[in-house]
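A.B. asks: Have a look at the structure that comes next, please.
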Amino acid sequence: MNIEDLKLILKVAEFRSITLAAAKLDMRTATASAAIKRVESALGSELFVRTTRHLRLSAAGERYIPQCEQAIAVLELAKQNLKGEHDEIEGELRVALSSDLGRNLVIPWIDELMDTFPKLSLRTHISDSNIDFYRDSVDIALRYGSPNDASVYGFKICNVPRLLCATDEYLLQNGTPVHPDDLASHQGLFYQLQDIINNTWEFTDGESKYKVKMNGRRASNDGDLVRRWCVAGKGLAVKSALDMADDLLNDRVVTVMQDYQHVNGELWLICPSRQSITPAVRLLRDACRAKSQAILQQLVNKGIIDKSVLS
């Protein structure tokens, strides 16, 4: 059995709640539930009695939990006795990154970590395509969107608004849309995943939702290229606030139709297993959180996004 799964079991027993235990250990509830099932399957006994409102220890759980606590305490003591030999961050970060976010933001962040920790090394997989952890030989992936696979582990980095952007020059030549209906006459710049072009954009004013099938002559499977087209004044693009942050803060592009927001997203650091969560990975997670929050705060200070994003 995985020691991290056992630590989760102890937290669930402490809080009498899978949800609270998962939050305490910085994981999703679905991932925690899957870990409990693994332990119970290995033991051949259910440790918890679950109802729709409550969770309590079963008879087997009451016998097992105290001994499990003792075993974990012994292992932690052994780990502490070795501390000093392995207290320096080292190892290889094998990370998958999307093209725009990776090249322009995260790689410089990792370079800073490597300057601070000389025993840290890096292997990157830069692609906007879906990642297969085993096929692509990566240990972690930084991706937009919450993971929907209960077998993986994820750390939420931050909320990320998606913004409709263009240059002042493009808007001067083509007019500034103020309502989703105005987009019909504009050129969209599209992200393409495999053979699917994301040319249907959705907006909301808080009450109604609007779905617009955009026209456009440019599409790419490289998000960084879509951003470059936007900065070059080739049309309108819906992009992550992080991807566009430098261009927005330096007035190379502006946001359009602020009263009609695109669907917001989230940035997550995803790992295929608990064993992948090394001290180096936790260091990267903390750096990404701090750097992302700092950028979002700058966008809030300039009035580009709402401060509610930071909550």
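The values are calculated or read from the model by the stated rules, or taken from the named source; none is laboratory data. Note that the coordinates shown come from a computational prediction; the quantities given were computed from them, not determined experimentally. Glycine gets a Cβ as well: all are built from the backbone with ideal geometry, and neighbour counts include every protein chain shown. Surface accessibility is based on the protein's heavy atoms, side chains included, excluding ligands, DNA and RNA. Shrake-Rupley method; radii C 1.70, N 1.55, O 1.52, S 1.80 Å.
A.B. asks: Which of the residues that make up segment 242-291 are surrounded by fewer than 18 Cβ atoms within 10 Å (Cβ to Cβ), part of a loop (DSSP other than H, G, I, E, B) and at pLDDT 95 or above?
C.D. replies: N250, D251, R252
A.B. asks: Of the numbered conditions (1) under 26 Å from S99 (Cα atoms); (2) of a type in the set (A, V, I, L, M, F, W, C); (3) surrounded by fewer than 19 Cβ atoms within 10 Å (Cβ to Cβ), A184 fails exactly one; give the number of that condition.
C.D. replies: Unmet for A184, out of (1) under 26 Å from S99 (Cα atoms); (2) of a type in the set (A, V, I, L, M, F, W, C); (3) surrounded by fewer than 19 Cβ atoms within 10 Å (Cβ to Cβ): (1).
A.B. asks: Considering every residue within segment 179-195, establish whether at least one is under 16 Å from I304 (Cβ atoms) and in a loop (DSSP other than H, G, I, E, B). Walk me through how you get there before you give the answer.
C.D. replies: First, pick out the residues of segment 179-195 that are under 16 Å from I304 (Cβ atoms): none.
No, the conditions are met nowhere in segment 179-195.
A.B. asks: Right, something else. Name the helices (runs of 4 or more DSSP H) wholly within segment 1-104 that hold at least 2 residues that are at pLDDT 90 or above and open to solvent by less than 50 Å² (accessible area, probe 1.4 Å)?
C.D. replies: Details: elements: 3-15, 18-24, 29-43, 59-82.
In segment 1-104, the matching helices (runs of 4 or more DSSP H) lie at 3-15, 29-43, 59-82.
A.B. asks: Of all residues being acidic (D, E) and touching a strand residue (DSSP E or B) at 6+ places or on another chain (Cβ under 9 Å) in segment 13-67, which is nearest to G145 (Cα to Cα)? Just the residue, please. Outline the logic, then answer.
C.D. replies: Just the residues of segment 13-67 that are acidic (D, E), to begin with: 14, 26, 40, 46, 62.
So of that shortlist, the ones also touching a strand residue (DSSP E or B) at 6+ places or on another chain (Cβ under 9 Å) come out as 26, 40.
Numbers: D26: 16, E40: 30 Å.
It comes out as D26.
A.B. asks: Would you pick out the residues in segment 134-157 that are surrounded by fewer than 19 Cβ atoms within 10 Å (Cβ to Cβ), touching a residue at least 60 places away in the same chain (Cβ under 8 Å) and out of contact with any Phe, Trp or Tyr (no Cβ under 9 Å at 6 or more places or on another chain)?
C.D. replies: Result: Y134, A150, S151.
A.B. asks: Suppose we keep only residues that are open to solvent by 30 Å² or more (accessible area, probe 1.4 Å) and within 16 Å of the chain's Cα centre (by Cα) within segment 158-177. Which one would you say is nearest to I304 (Cα to Cα)?
C.D. replies: R162
A.B. asks: State yes or no: is I131 closer than 19 Å to D26 by Cβ and surrounded by 15 or more Cβ atoms within 10 Å (Cβ to Cβ)? Show your work before the answer.
C.D. replies: Values: closer than 19 Å to D26 by Cβ: no; surrounded by 15 or more Cβ atoms within 10 Å (Cβ to Cβ): yes.
In short, no.
A.B. asks: Is it the case that some residue within segment 186-194 is on the phi < 0 side of the Ramachandran plot, modelled with pLDDT of 95 or more and touching a Phe, Trp or Tyr at 6+ places or on another chain (Cβ under 7 Å)?
C.D. replies: Checked against the condition, which is being on the phi < 0 side of the Ramachandran plot, modelled with pLDDT of 95 or more and touching a Phe, Trp or Tyr at 6+ places or on another chain (Cβ under 7 Å), segment 186-194 yields at least one hit.
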